[in-house]
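> What follows is a single structure, and I will ask about it in a moment.
Please treat every number below as a calculation from the coordinates, not as lab data. Bear in mind the structure is a predicted one, so any value in this text is a computation, not a measurement. Cβ atoms come from the backbone with ideal geometry, glycine included; neighbour counts cover every protein chain shown.
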Amino acid sequence: MKLIELLPLREKQRQILHQNYQILQEEIDKIGKEYEQKSYEELLNSDEKNIIITTADHLEISLSVEVYNVQKDGTICICIDADGLPTIFSIKPSYQFYKRPDGSVYY
C-alpha cells in the first residue's frame, strides 16, 4: 500500500499541509538561532514558556520553549516546539540544542 492511499487528501490539501510544515520549520529555525545566542544564565532563568508569532502572511504560530535536563556539569537542554498550523499527520517541527555554562552550544 502506498502512502498516498493511506492519506486520501487532494493534491492541493497536501500542498497546503506541506507548506504549513515548511513555514513552521522556518520560524522555529529563526527562533532557535536567536535562543542559541542568549546567555546561559538568561536561558536557565527564563520564565518564557510560550511565544506567539504572526508571520508576514498573518498566520499565527505558537512556540513552546522548555529548558530542562541540567546535567552534572551544568549543561542544559533547550527544546522549542512549533504549533499553530495543520500539517500532515499533525507532525510539527522541533528545535533542540544544549548549552554549556561556558556559553558553547552543541546539538
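> Which members of segment 41-87 meet the condition of being in contact with a helix residue (DSSP H, G or I) (Cβ under 7 Å, 6 or more places away or on another chain) and hydroxyl-bearing (S, T, Y)?
The answer is T55, T87.
> Considering only segment 44-89, state which residues are within 30 Å of K12 (Cα to Cα) and not in a strand (DSSP E or B).
T55, A56, D57, H58, L59, G84, L85, P86, T87, I88, F89, listed by residue number.
> Out of the residues in segment 6-43 that are part of a helix (DSSP H, G or I) and of a type in the set (S, T, N, Q), which is farthest from V70 (Cα to Cα)?
First, pick out the residues of segment 6-43 that are part of a helix (DSSP H, G or I): 6, 11-37, 40-43.
With the extra rule that they be of a type in the set (S, T, N, Q), the set shrinks to 13, 15, 19-20, 22, 25, 37.
Working: Q13: 42, Q15: 40, Q19: 35, N20: 33, Q22: 31, Q25: 26, Q37: 18 Å.
Out of the qualifying residues, it is Q13.
> Regarding K92, is this residue of a type in the set (K, R) and touching a residue at least 12 places away in the same chain (Cβ under 8 Å)? Even if it seems obvious, please write down each step before you answer.
Working: of a type in the set (K, R): yes; touching a residue at least 12 places away in the same chain (Cβ under 8 Å): yes.
So K92 passes the test.
> What tally of residues in segment 27-60 results from selecting those that are within 13 Å of S94 (Cα to Cα) and either exposed (fewer than 14 other Cβ atoms within 10 Å of the Cβ) or of a type outside the set (D, E) (or both)?
5
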